[in-house]
Each structure stands twice: as structure tokens, then as C-alpha cells.
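Worksheet for the structure shown next.
The values are calculated or read from the model by the stated rules, or taken from the named source; none is laboratory data. Computed from a predicted model, the values in this text were never measured in an experiment. Every residue, glycine among them, receives a Cβ derived from its backbone with ideal geometry; neighbour counts consider all protein chains shown.
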Amino acid sequence: MTIITISGLSFFLTMALMPVFVHLAVRYSAYDIPDWRKIHHQPVPHVGGIVMTIGTFVPILLYSIPGTQIRAYLAGALILALYGLADDFKGLDYRLKFTGQIVASMIAILYGGVKIIHLGSLLPGNIVIPEITSVIFTLLVIVGLTNAINMSDGLDGLAGGICLLSFLCICYLAYLEKDMNLVVIAAALAGSIYGFLLFNTYPASVFMGDTGSQVLGFSAAFLSLTLTQGHTSLSPLLPLVIFGFPILDSITVTCRRLFSGRSPFIADKDHFHHQFVRMGLFHSEAVFTIYVIQSMMIVLAYILRFQSEWVILSICIAFSGLALTFFNAFDNKNLTIRRFDRINQIIQGRAQVWRENGRFIWMSYKSIQFGAPLLLIWTVFLCDKVPGYLSLSSGIAVILFGAVWLINRKWSNQFLLILIYLSVPFLIYYSENHPASWTGNSIRFFYHLFFILLTAFSFLTLRFTRRQHGFKVNTRHYLVLFITLILFALPEPDLRDQFGAVAVKMIMLLYIYEILLGELRGKIGLLSFMTLSCLAIVALRWFF
């Protein structure tokens, strides 16, 4: 439950603070201005990085075990956040950027003890690298990976999605290695990134800026090196697999710039994500493709975690060769991806026939309008007991929502969604892991059946609605689907049983509510009443 609590807290802080900082960005004109090499065409606030940093730091301070490791990470990340803020608002010379990265890296190395001390079987007799060589090599790796993540921040949701998948992989491996501080840091980073992706998925309303990309890059290096060096059975080359795609991208782009006589520090449009777009992929399709590649890499990292370093290196070289051959073939022949528009027209035509059937969409919509809050109330009664902190927070939430409703009803839609995001994970968790004694197999069967039916009606509503605005499927939902499948495939029965069913039900119910809120178009009076009634029941259950 601690992992869910940490991720949930960082997610909530990021989601709640983002509108505040966006308002400040608009007030002080803190925008990312479009230019010839950028994809977006309108100025976009780039305050996401500082919000993610706050959302990450708070859970770490609350749940980590104090020590030099945590202090070194926080100090290094804070330095890069400050340098990133200066670059986002004022613009910094690349030499000043490198200065900040070197200072943060040296804090991690000299104070935090993050050092590459061995390379496994790559060196004869598994010898230990000399101290001076180790410091220099580690410095190059941390700075290099920090810039690799920074370079990958070229499409909406791209750097965030890559890092989310990578940090979840590190969190799981750290849990297996019983390094709880790394688990806390990785879980906090994952929660804050997902909260940020709510605003950054295409079309993005917020960018992370250099503040976010440098903190994420430093975090990637700090966590992966700490995890794979020292007293561990994991291969020291595992970071090369986990972050293989952004590393290959940064090396390839740097080499191209040098070979063409350009400065390696001047940005261009030669990154892999730009090449995917030139091939004919839409913005979201390019991001989705890279998400799939990154998903394969982290699964491969888990499979290879105990393998020989020569095996891992060979696979990385083979992957790099295939990727470069693929991109060079498309570039040299100016090939583009063909689209089968006729198939899309047939599918859209069939869907239009169903949309015109008003009774069909009315039935599915009404089913989720009344079914979603009833399912949430049912979930409350499935819990054996409700913790005091959950009852107290639910009571406060009801009072706060009433105040928001009276002050400004325009805020109530977003506030209701925040309450749902905060309450659903806890209620699902306690109903699954602490069920009431009266819930037999038949009760659980009908409960699960109700879940499945509501999910089906939600999908039909989403597919055949006539509304132009509301809930839309995007690349962020692929991340959720992939993470859910991974939770169900975990080899550890205790983790699978604890998080697998909880994750699926939590995601299903949250998406049902998101679809419903999109369909209601702000008319949330009945839904608010039923949801707040559920929270009031949670608050009262503690007293009885």
C-alpha cells in the first residue's frame, strides 16, 4: 500500500498544482515559443518541470529513510531544477548548463556514493575500476544520460512516457533488491510524471521545459547506477537496456552533427521522433511507436537482469544496428508509410450508422450515468472497515466540494474529478485486500459482472457518441494498459494478487468516470450528489 500511497500523493500534488503554475506562467509570460525545429505552433507554458519536482520531493521527504543517499539525490535534483528554471525563463549558454549538470553529478558521486565501480564480465576477472577512472566515467555517464533524456523531449508526452515506463521498471527491480529508498524515489517520480501527462499528452497544454527533462535525466542516472552497482545481483549494464532508445538517439544525433561540421550543442530536427514524423506518422502515432519500443526494452531489461554482460552488450549492439539501418533506409530512399484510407472510410461509415441510432447511445449512456456512482457505493460496503484517515479525508472532501460549489461552480467539474482520482484507488484497494466478512463468492461474482458490463457500456458510449468534445483516447492510455498487463504478469504472487486486480478495477472505474464527465458537459449535479453521498458514507463508517 505504501507504493500506491507514494505514487498517489505525488500524482495528486502534480495534478492539483499544475493549474496554479499555469496561471502564473500566463501572468508572467513563461512560454515555450515555437520556432523552425519545434512541432507546436502556439506558445505553451513550460512550468511542468517545477511542478513535477515539487510533486516528487514531498513524498520522498515524507516516506524515505533519511541518509546521505536521499540527501545527495535531493540536492542534485534541486540544483538541476534551479538551473533548468533559469534556462526556461532567461535562457542559459550550454556551458552554464553543463556546469549545473557537473555540479549535480559530483554531489551524487562524492556525497551520494554513486559510482561505476565494475562492469562485470566485460573486464577480466571482474576487476574493480580505479577510483579516479571511476569518478570520471560516472560523471560522463550521468551527464550523458541527463542530456539524452533532455534531447528526447521533442514531442508531446514523449520524454514523460519514456521515463514513466523506465522508473516503474526501476521501482520493481529495487523492490526485488529490497532497496526501499530507491522504491520511494522511483514511485514518487512515476506518480508525478503521470500527473504531468494529464496536461502534456498531445495536444499538450503544458511542457516540462529544461527543468523537468534535466531532473528526470539526472534521476534516471542516479537510480539506475545506484541500483546496478555495489552489492547486487543485477547486471551493471542494465541501464543500457532500460534507457537504450534515448541513449542511442542522443549518440546518433551528436555524431551526425559532428560529422557534418556542426556544433553538437545546436538543436536540429534529426532525432528519431522527428524521423518518425517525416516517415508519415502523425504526432500521436510517433509517440505511440516509441512507447511500444520503450515497453519492449524494459521487458527485455527484466529478462536480462541476471545475464552475462557480453550477452546484454551484444543485444544492445544488435538493437542499435537494426534501428539505425531502419532509419537510414527510410531517409536514403525518402520512403513514407502508406495509409489505407479506404478501410478507415468503411469503419467510419459503419460507426456513423450506429451513432444515428439515438436509442442505442441513450441506453449505454444512462447505464454508466447511474451505474458508476452505484458501483462506487457498492465498493464502499465491500470493505471490512474504513481507516480513520480515509474517513476524515472523505468528510473534509465533502465539505470542500460544497464550498467550491457555492463559490464558483465552474471549478466543481475539475474538483469532482480530483476527488474521484483520490478516493477510487483507496476504496478499490481496501475492498480487494480487506473484504467484509459477509461478501461471499456470489456477491463478488455479481460485483465483477457489474464492473464488466459498465466497462462495456462505457466503451460503446465512447465509440458511438455524437459529441465532438469530451473524453478522447490518446497515447497516455496505452501506458495505462501496458502497466496493467505487466501487473497481471508479475511472477511474484503476493505482488500480483495485491496490485493486479486493484490496478485493473481502479483503472476501469476511473475511465468510466472520465467518459461520463465528458458526456455530461458540465451538468454534474446528479453525479456530484451520488458521489458525495458515497464519500459521506465513507466518513460515517468510521464512527460505526
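Checking the range 205-225 against the condition returns a match, with at least one residue being in a loop (DSSP other than H, G, I, E, B), surrounded by fewer than 24 Cβ atoms within 10 Å (Cβ to Cβ), modelled with pLDDT under 90 and not β-branched (Val, Ile, Thr).
All conditions in (1) in contact (Cβ under 8 Å) with a residue 40 or more places away in the chain; (2) buried (at least 21 other Cβ atoms within 10 Å of the Cβ); (3) part of a helix (DSSP H, G or I) hold for Val143, with the sole exception of (2).
Before we move on, is Val277 closer than 22 Å to Phe306 by Cα and either within 25 Å of the chain's Cα centre (by Cα) or buried (at least 17 other Cβ atoms within 10 Å of the Cβ) (or both)?
No.
Sub-6 Å Cβ pairs linking a first residue in the range 391-410 that is more than 19 Å from Tyr430 (Cβ to Cβ) to a second residue that is surrounded by 13 or more Cβ atoms within 10 Å (Cβ to Cβ) and among the β-branched types (Val, Ile, Thr), at least 6 apart or interchain, number zero. Looking across Ile136, Ile109, Ile129, one residue alone is free of Cβ contacts under 8 Å to residues at least 40 places away in the same chain, over 19 Å from the mean Cα position of the chain (by Cα) and not in a helix (DSSP H, G or I). It is Ile129.
A search for C-beta distances below 9 Å between a residue of the range 446-458 that is touching a residue at least 60 places away in the same chain (Cβ under 8 Å) and any residue that is assigned to a helix (DSSP H, G or I) and among the aromatic types (Phe, Trp, Tyr), counting only pairs 6+ apart in sequence or on different chains, returns Tyr447/Trp378; Phe450/Trp378; Phe457/Tyr365; Ser458/Tyr511. Filtered by the rule that a residue be surrounded by 13 or more Cβ atoms within 10 Å (Cβ to Cβ) and either charged (D, E, K, R) or not in a loop (DSSP other than H, G, I, E, B) (or both), the range 425-443 gives Pro425, Phe426, Leu427, Ile428, Tyr429, Tyr430, Ser431, Glu432, Asn433, Pro435, Ile443. Within the range 1-21, residues that are more than 8 Å from Gly191 (Cβ to Cβ) reach partners that are modelled with pLDDT of 85 or more and outside any helix (DSSP H, G or I) with beta carbons closer than 7 Å, at six or more positions or on different chains, in the pairs Met18/Val206; Phe21/Val47. Residue under question is Ile399, and the condition is that it be assigned to a helix (DSSP H, G or I) and exposed (fewer than 14 other Cβ atoms within 10 Å of the Cβ); does it hold? So Ile399 fits the description; yes. Screening Arg95 on (1) within 22 Å of Gly195 (Cβ to Cβ); (2) free of Cβ contacts under 8 Å to residues at least 12 places away in the same chain shows it passes everything except condition (1).
Here Thr325 qualifies as modelled with pLDDT of 85 or more and loosely packed, with under 11 Cβ neighbours inside 10 Å. Taken over the range 225-235, the criterion of being in contact (Cβ under 8 Å) with a residue 60 or more places away in the chain and under 13 Å from Lys115 (Cβ atoms) is satisfied by Leu225, Thr226, Gln229, Gly230.
What about Leu281, is it of a type outside the set (S, T, N, Q), in a loop (DSSP other than H, G, I, E, B) and farther than 22 Å from Phe167 by Cα? Judged against the criteria, Leu281 is a match.
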